[in-house]
Amino acid sequence: MDELVAVSFDPVEGGREAILAQLQGLAQVEFLADLDERARASAVSRAKAMFASHFYPGEIREDEWEAFGALQFIQTLYAGVEKTPFHLVPPNVVLASNAGTFAEPLAEQVLTLALACAKRLFPKFAGMKAGHFDRTPTNRMLGGGTCLVVGFGGIGKAVARRMRALGMTVWGVNRSGTSDEPPERLGTMADLDAMLPGADVVVLCLPLTPQSRGLIGRSRLELMKPDAILVNVGRGALVDEEALYRHLLTRPDFFYGADVWWEEPHGEELFSPRLPILDRPNVVGTPHNADRVPGMDREATEVAARNIRRFLQGERPRNIVNPADYAG
């Protein structure tokens, strides 16, 4: 078997078996973490395809990139590819993400965060812990309102299905202005400013690129309703941190719910945001673990391995990334 696939990370339990099952009869599979330096160098030089996680530090050393002489295809385990060292990837190499695979758990997280904001869940609970049992505040309903999904792809469509179940009207924007499951109103990113003022809930689920960084800044926050709910499951840097903090200070009825943050620690590092945004009563958050549901990583591994199989069989892989989107 001449073809070789190099796996640059240690898969979750059952992941190795899933990879080997998908690529059986098509390629030899080498898990780089298992190899000594000599064997690793040999695998790197012969690999036609690479299965990468998220290009975490040390996953592929910078000095190894030039040694990937036979590399033609890279598949990532996750949807986000902003950590890919595009300046080191040879221009002839095709990169594919795992976009859409985590749509269902992420959409549930959006619903959870939106409802927690709408019902003022945590401020009320904090009051009860302090001995206050105030039944007078009214509860906000999401039903009858409008949800604007920014980044209407796989995750956006899953969000739309859940928001419609609550009785919300769904709007969406994406780059093409088209979808196989169109919402009630669908536009391109050029329509975003016109749609923001009419939305009760705004959901961010688009990738982070040089073009989308800081997409929601002071001017767009000002376009939103004073009591809008902004939910971010894309990347923290889609929102201008300083502008959002100031907006939350001056508009106590505006809520922000997020699973993603501007600076995220690794391992045992402490989570210490630059601004005291977590002290705001109108902020609800989770530690970027919306996708951590039982069996999800194994399923994602299998879906990604299936895409590598397509490449090896001469078919067009799904979710091909345009490196130009990340230039700048």
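Does region 229-239 include one or more residues that are of a type in the set (S, T, N, Q), in contact with a Gly (Cβ under 9 Å, 6 or more places away or on another chain) and not assigned by TED's automatic domain parsing to the domain that holds Gln22? Even if it seems obvious, please write down each step before you answer.
Looking only at region 229-239, we keep the residues that are of a type in the set (S, T, N, Q), and these are 232.
Going one step further and asking which of them are in contact with a Gly (Cβ under 9 Å, 6 or more places away or on another chain), we end up with 232.
With the extra rule that they be not assigned by TED's automatic domain parsing to the domain that holds Gln22, the set shrinks to 232.
So far as region 229-239 goes, yes, one or more of its residues are of a type in the set (S, T, N, Q), in contact with a Gly (Cβ under 9 Å, 6 or more places away or on another chain) and not assigned by TED's automatic domain parsing to the domain that holds Gln22.
Take region 68-85 and flag every residue that is of a type in the set (A, V, I, L, M, F, W, C) and buried (at least 17 other Cβ atoms within 10 Å of the Cβ). Spell out the reasoning first.
Start the filter on region 68-85 by keeping residues that are of a type in the set (A, V, I, L, M, F, W, C), which leaves 68, 70-71, 73-74, 77, 79, 81.
Residues satisfying the conditions are Phe68, Leu71, Phe73, Ile74, Leu77, Ala79, Val81.
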query: Which members of region 273-324 meet the condition of being of a type in the set (D, E, K, R), in contact (Cβ under 8 Å) with a residue 24 or more places away in the chain and not in a loop (DSSP other than H, G, I, E, B)?
result: Asp297, Arg298, Glu299, Glu302, Arg306, Arg309
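For region 11-30, enumerate the residues that are among the hydrophobic types (A, V, I, L, M, F, W, C) and part of a loop (DSSP other than H, G, I, E, B). Spell out how you get there, then give the answer.
We begin by selecting, within region 11-30, every residue among the hydrophobic types (A, V, I, L, M, F, W, C); these are 12, 18-21, 23, 26-27, 29.
Of everything in region 11-30, those that are among the hydrophobic types (A, V, I, L, M, F, W, C) and part of a loop (DSSP other than H, G, I, E, B) turn out to be Val12, Leu26, Ala27.
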- prompt: Taking region 290-328 as the region of interest, how many residues are within 25 Å of Trp261 (Cβ to Cβ) and charged (D, E, K, R)?
  reply: 4
field: Identity of the residue in region 208-238, of a type in the set (D, E, K, R) and assigned to a loop (DSSP other than H, G, I, E, B), that ends up surrounded by the most Cβ atoms within 10 Å (Cβ to Cβ)
entry: Arg235
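For residues in region 44-67 being farther than 30 Å from Ala237 by Cα and either of a type in the set (S, T, N, Q) or crowded, with 22+ Cβ neighbours inside 10 Å (or both), which is nearest to the chain's Cα centre (by Cα)? Quick ask: steps written out before the conclusion?
Going residue by residue through region 44-67, those that are farther than 30 Å from Ala237 by Cα are 44-49, 66-67.
Next cut, either of a type in the set (S, T, N, Q) or crowded, with 22+ Cβ neighbours inside 10 Å (or both) only: 44-45, 47, 49.
Working: Val44: 28, Ser45: 31, Ala47: 28, Ala49: 24 Å.
Residue satisfying both the conditions and the ranking: Ala49.
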query: Is it true that Pro252 is farther than 17 Å from Val110 by Cα, touching a helix residue (DSSP H, G or I) at 6+ places or on another chain (Cβ under 9 Å), exposed (fewer than 14 other Cβ atoms within 10 Å of the Cβ) and in contact (Cβ under 8 Å) with a residue 24 or more places away in the chain?
result: no
- prompt: Would a scan of region 252-259 turn up a residue that is in a helix (DSSP H, G or I), among the small types (Gly, Ala, Ser) and on the phi < 0 side of the Ramachandran plot?
  reply: no
task: Scan (1) surrounded by fewer than 17 Cβ atoms within 10 Å (Cβ to Cβ); (2) assigned to a loop (DSSP other than H, G, I, E, B) for the single condition Ala41 breaks and write down its number.
output: (2)
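Yes/no per residue for (1) closer than 22 Å to Pro323 by Cα; (2) in the same structural domain as Cys205 (by TED's automatic domain parsing); (3) free of Cβ contacts under 8 Å to residues at least 60 places away in the same chain:
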position	(1), (2), (3)
Pro11	no, no, no
Leu20	no, no, yes
Ala43	no, no, yes
Trp65	yes, no, yes
Gln75	yes, no, no
Glu82	yes, no, no
query: If you check Gly187, Gly154, which single one turns out to be closer than 22 Å to Glu104 by Cα, among the small types (Gly, Ala, Ser) and in the same structural domain as Lys225 (by TED's automatic domain parsing)?
result: Gly154
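The values are calculated or read from the model by the stated rules, or taken from the named source; none is laboratory data. Everything numeric here is computed off the predicted structure, so don't read it as measured data. When we count neighbours, we look across all protein chains shown, and the Cβ atoms used for this are built from the backbone with ideal geometry, even at glycine.
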